[in-house]
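Here is the structure we will look at.
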Amino acid sequence: MWELTKSFRFEAAHALAHTSLGEVSQEIHGHSFRAEITIRGTPDPATGMVRDLGLFEHALADVQKTLDHKLLNKIDGLAIPTLENLSRFIWDRVQSAGQVTRVSVYRDSCGESCTYFGP
């Protein structure tokens, strides 16, 4: 069994109420995010690949477009735009990529990440 991981970056803003960070978190502010999507499978005997990377990238493009340069609080279906909810939101939208085993979302500048492994 193999796992193949592809990532994409997006820039977005959000505001989070009810954190111990207070006003810093409550005001609209932006981050650079990186999402990693991992799929599992066995390489196709004809191609030698678990998933063609071009097809993998195509499967991620819509969710990247949905998030990039957006105010995350206004995205339908995202709810509260935390790392936890972002990783689940992406998971729900990349199922066409293959057998998804995990989705990780990083805020590298803050040294934070969250990984969702599915229901």
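Every number in this text was worked out from the coordinates using simple rules, so none of it is lab data. Keep in mind that what you see is a predicted model, and the values were worked out from it rather than measured. No Cβ is skipped: glycine too gets one built from the backbone with ideal geometry, and neighbour counts run over all protein chains shown.
Hey, of [x] 15.0; [y] 14.6; [z] 13.9, which did the structure itself give for Kirkwood radius over Cα pairs in Å when calculated?
After the calculation, the listed value that fits is [x].
Could I have the simple spin-label model distance between D52 and S7, label points 7 Å from Cα toward Cβ, reported in nm to one decimal?
2.6 nm
Spelling out what I want: for every residue of segment 50-57, take phi, set θ = phi - 60°, compute 6.51 cos²θ - 1.76 cosθ + 1.60 (Karplus), and round to whole Hz; glycine and proline get x.
For segment 50-57, the Karplus-derived couplings read 5, 7, 4, 4, x, 5, 4, 4 Hz, x marking Gly and Pro.
Any chance you could give the angle, 0 to 90 degrees and rounded to 10, that helix 83-93 forms with the longest Cα principal axis of the chain?
40 degrees
About the Cα centre, and with charges only on the beta carbon of Lys, Arg (+1) and Asp, Glu (-1), how big is the dipole of the chain? Nearest 20 debye, please.
With Lys and Arg at +1 and Asp and Glu at -1, about 140 debye.
For R107, what charge total do you get from the other residues with a beta carbon under 14 Å from its beta carbon, if Lys and Arg give +1 and Asp and Glu give -1?
Neighbour charge sum, excluding R107 itself: -3.
Could you name the aspartates and glutamates whose alpha carbon sits less than 19 Å from that of K74, not counting residues in the same chain fewer than 8 places away?
Partners within reach: E11, E27, D62, E84, D92.
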